[in-house]
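The values are calculated or read from the model by the stated rules, or taken from the named source; none is laboratory data. Only a predicted model underlies this, so the values are computations on that prediction, with no experimental measurement involved. Quick reminder, even Gly has a Cβ in these numbers, built from the backbone with ideal geometry, and neighbours come from all protein chains shown. Side chains included, ligands, DNA and RNA excluded: accessible areas come from the protein's heavy atoms. Shrake-Rupley method; radii C 1.70, N 1.55, O 1.52, S 1.80 Å.
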Amino acid sequence: MSDETRNVPDNPGVVAPPPFIYGGALAAGLLVGRLYPVAVLPRRVSWVIGCSLLAGGLLLGSSGIDSQRRAETNVDPYKPTTAIVETGPYRYTRNPLYVGLTLMYGGVTTLTNSLPAALLLPVVLGVMRRGVIEREERYLEGKFGDEYLRYKARVRRWL
């Protein structure tokens, strides 16, 4: 019996779109940071580090999206994956989009000098691991079998 006849969706069933997970936590952290400001870094330092993280995250994320589009697979985790992407940043990390989002989150947090937002990042990473990445990995193992397992053995999850 095929997945379609069993009404099993051809997607990993993530808990929420990853940008919403990062964005929601970041918004909450920045709001608390505005209510209870705690400057951790000198302004010039936060500016240099924050801009670097933000630029790096944008570059990595856009490169990952470009690699997925070239491989003609879906970026949206609610749509079927049609190929294992092993080019571009996927040669070094299985999750360049999530590494990029993490760098951007860190960049905004550093630029705004928001300690509450920074303290929420481990929670975000935990939700991403359990609610997104582990589900995606199970889905890809089931869909692509040995091809994905070989890729997984060769390339690290993060960096």
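If you check I65, I84 for being at pLDDT 95 or above, in contact with a Phe, Trp or Tyr (Cβ under 6 Å, 6 or more places away or on another chain) and either under 24 Å from R138 (Cβ atoms) or not in a helix (DSSP H, G or I) (or both), only one passes: I84. Is segment 33-56 home to any residue that is in contact with a Pro (Cβ under 6 Å, 6 or more places away or on another chain), assigned to a helix (DSSP H, G or I) and among the hydrophobic types (A, V, I, L, M, F, W, C)? Scanning segment 33-56 turns up no residue that is in contact with a Pro (Cβ under 6 Å, 6 or more places away or on another chain), assigned to a helix (DSSP H, G or I) and among the hydrophobic types (A, V, I, L, M, F, W, C).
Every condition in (1) open to solvent by 60 Å² or more (accessible area, probe 1.4 Å); (2) under 26 Å from Y151 (Cα atoms); (3) of a type outside the set (G, A, S) is met by I65 except one, and the failing one is (1). Of the residues L121, L125, the single one that is open to solvent by less than 50 Å² (accessible area, probe 1.4 Å) and under 17 Å from the mean Cα position of the chain (by Cα) is L121. Flag not set for T81, criterion: open to solvent by 40 Å² or more (accessible area, probe 1.4 Å), closer than 17 Å to D66 by Cβ and touching a helix residue (DSSP H, G or I) at 6+ places or on another chain (Cβ under 8 Å).
For R138, the criteria (1) outside any loop (DSSP other than H, G, I, E, B); (2) among the charged types (D, E, K, R); (3) without any contact (Cβ under 8 Å) to a residue 12 or more places away in the chain hold in every case but one, which is (3).
Going by the structure shown, is E137 open to solvent by 30 Å² or more (accessible area, probe 1.4 Å), of a type outside the set (K, R), closer than 22 Å to G88 by Cα and modelled with pLDDT of 95 or more? So E137 fails the test.
Restricting attention to segment 103-118, the residues that are open to solvent by 30 Å² or more (accessible area, probe 1.4 Å) and either under 15 Å from P19 (Cβ atoms) or small (G, A, S) (or both) total 4.
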